[in-house]
1. Among the residues of the range 1-34 satisfying the criterion of being in a loop (DSSP other than H, G, I, E, B), more than 11 Å from the ligand (Cβ to nearest atom) and over 28 Å from Ile141 (Cβ atoms), which is most open to solvent (accessible area, probe 1.4 Å)?
2. Any idea which of (1) at pLDDT 90 or above; (2) crowded, with 22+ Cβ neighbours inside 10 Å; (3) under 18 Å from the mean Cα position of the chain (by Cα) is the one Ala41 doesn't satisfy?
3. Only residues that are part of a loop (DSSP other than H, G, I, E, B), in contact with a helix residue (DSSP H, G or I) (Cβ under 9 Å, 6 or more places away or on another chain) and either within 16 Å of the ligand (Cβ to nearest atom) or open to solvent by 30 Å² or more (accessible area, probe 1.4 Å) (or both): list them for the range 163-181, please.
4. If Thr58 satisfies all but one of (1) surrounded by fewer than 21 Cβ atoms within 10 Å (Cβ to Cβ); (2) touching a residue at least 60 places away in the same chain (Cβ under 8 Å); (3) closer than 23 Å to Lys164 by Cα, what's the number of the condition it fails?
5. Looking at Ala92, Ala97, which one is aliphatic (A, V, I, L, M), within 29 Å of Arg267 (Cβ to Cβ), more than 16 Å from the ligand (Cβ to nearest atom) and surrounded by fewer than 16 Cβ atoms within 10 Å (Cβ to Cβ)?
6. Among the residues of the range 560-598, which ones are under 31 Å from the mean Cα position of the chain (by Cα), away from the ligand (no atom under 13 Å from the Cβ) and in a helix (DSSP H, G or I)?
7. Starting from the range 586-605, keep only residues that are under 16 Å from Lys8 (Cα atoms) and of a type in the set (Phe, Trp, Tyr), then list their pairs with residues that are away from the ligand (no atom under 16 Å from the Cβ) and assigned to a helix (DSSP H, G or I) whose Cβ atoms are within a distance under 7 Å, requiring at least 6 positions of separation or different chains.
8. Can Tyr405 be described as among the aromatic types (Phe, Trp, Tyr), touching a residue at least 24 places away in the same chain (Cβ under 8 Å), within 24 Å of Gly383 (Cα to Cα) and in contact with a Ser or Thr (Cβ under 9 Å, 6 or more places away or on another chain)?
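The values are calculated or read from the model by the stated rules, or taken from the named source; none is laboratory data. Because the structure is a prediction, the values reported are computed rather than measured. Please note: Cβ atoms are built from the backbone with ideal geometry, for glycine as well, and neighbour counts cover all protein chains shown. These area figures cover heavy atoms from the full protein model, side chains too; ligands, DNA and RNA do not enter into them. Shrake-Rupley method; radii C 1.70, N 1.55, O 1.52, S 1.80 Å.
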Amino acid sequence: MDKYKVLKEYFGYDGFRDGQEELIDGILDGRDVLGIMPTGAGKSICYQVPALLLPGITVVISPLISLMKDQVRALNEAGVHAAYINSSLSEAQIEKAMYLAGQGRYKIIYVAPERLLSGLFQDFLSRVTISMVTVDEAHCISQWGQDFRPSYLNIVHMIAGMRKRPVVSAFTATATEEVKNDILCVLGLQNPKVLVTGFDRENLYFEVRRSARKDQEILQYVKEHGRESGIIYCATRKNVEAVCTVLQEEGVPAVRYHAGLSPEERRRNQDLFIFDECPVMVATNAFGMGIDKSNVRYVLHYNMPQSMENYYQEAGRAGRDGERAECVLFYSPQDVRINQFLLEEKEFREEMTGEEIEAVRERDAQRLKRMTFYGTTRDCLRGYILRYFGEKTKRRCENCSNCLYEYLEEDVTEICQKVIQGIQEARRGYGAGTIAGALHGSKSEKIRGYGLDRIPSYGRLSEVPEYRLKEIIGELVLRGILRSTDDKYAILSLTEDAEQVLSGNAAVVMKFSKPAGKKAAEPKKKKPASGDLDAAGWQLFERLRELRMQIARQEKVPPYIVFTDKTLVDMCVKKPRSRAQMLDVSGVGAAKYEKYGERFLDCIKEA
Ligand code: ADP
């Protein structure tokens, strides 16, 4: 079998997504790899496909018990023999699993990092051939990251102790340079293929609402979304309780999750949500790591999180199946203070020095600031997120609240001419913030220090706010009228096109969001879901969903493990009539067809 055949046969997919093939090829060539891809991009396929093609066993280290369980369930459904070993099993169960693994029964074994150095596991390693060690959530090895887990250091010892070093593949959604370098270094990846895919999630719609009536708005939002699955994140346990109660009192089937609940209740509520028995989950950030539920249609933030990293990770739990989903942040200035308070309360590990603690606090404060800017910016939200993660983007995505709210078109040619003159006069190169400050006439220390208060252009655009000037400069860079260096200083210079603008031969027209205060609140249009079904199509979708629910209950697996929403939508579009046609539906592999294919075919025929 080759990789395409494995992808089709086991997972039911016709082609690889961005980045997957390169990483798989790297692994199959015997190289270590590091894949940095956003949530939902499809990291699992990157190690599961080669695991099936390599001669020996693949060991996957994952920090999250629920995730392991889910992944193993999904693999077994797809016809791949897999098992997991973690503290949710009894010693007897672990022994049995290890025994079967030693017999070569499983192709893929998920293990919690705490288990790696145990005698039983070491004994197992010495008896079998391990082709690959995969480190999932690899950022947990970084002391810089927010999720550092000391037990991840066991991985290094485990690999060092192996007779023959296997291929090591590592995956994470955390993109910062520090974390990346830490993973490469600490894990000791050898000549690795490092691949960072774009962080954009096109199917997600982003929105910020500044509202004083959060409870009512959230209630209304949830009601409008009926049986759709959604998560509402709150900053504190108290808020979780309050929001959950409001929803329940209004008859919304919602459950709660936070660290103050008993483990039994947490597990029960999580299962109700995952199994689609209860569509709405109200939770603190304790919920979600390792939740693979693919049909979450919205993630609302009742409170703003502490950093963009947290926000994008939590919001990114929406729409993993690639179907349209919404991420709405309900911003209020009070959230800044709540988070400042939570950060002050943050506990540090004992061995950290005062200096280190200071450094972490400083970084936390910076992160919160950038998060707050997200809550208040009028720029394209997607652009803001992607730039935060170091990507260049278009100025407007046309699929976030800031882009879709009503906008004004303005001829800014004259302003641009003055900007260009300002850059010429400044002689040395400066960044957008400094140039904007000088043109606006800022009295800051920095502007005076550079002597920019003495150039003729100083204050010439005092009527244009600095944020607007920065927006305009950003757009000029995108249009190639200005150039900006790639380093963190982003120093501006002119291109040949600048001459055209300066001489009046080219006009510059830009779109701006309407200023706050003027009522512009309703989004004009939203992009439709990718499936784009008509009424009859949706009826069929509901019937298939029902059937999926029946099967899920019988098999005791979450519905999305049977088939994802995206697969059901594809069935509604293709309306397969035969085995071959059914196998052509995205997400229907051979094993799943054998199990469920005919029941779905019948359902489609009856419709
Ligand atoms: P990640 O771990 O990167 O967050 P997952 O591995 O959970 O993402 O994949 C997200 C979803 O995308 C899953 O439902 C998965 O089956 C699906 N998927 C992955 N690769 C492909 C592909 N090549 N074609 C279609 N769907 C895919």
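1. Top of the filtered list is Met1.
2. Going through the list (1) at pLDDT 90 or above; (2) crowded, with 22+ Cβ neighbours inside 10 Å; (3) under 18 Å from the mean Cα position of the chain (by Cα), Ala41 breaks only (1).
3. Arg163, Arg165, Ala173, Thr174, Ala175, Thr176
4. That leaves (1) as the condition not met.
5. Ala92
6. Listed by number, the residues that qualify are Met571, Cys572, Val573, Lys574, Met582, Leu583, Ala590, Ala591, Tyr593, Tyr596.
7. Tyr593/Arg579; Tyr593/Met582
8. Criteria met by Tyr405.
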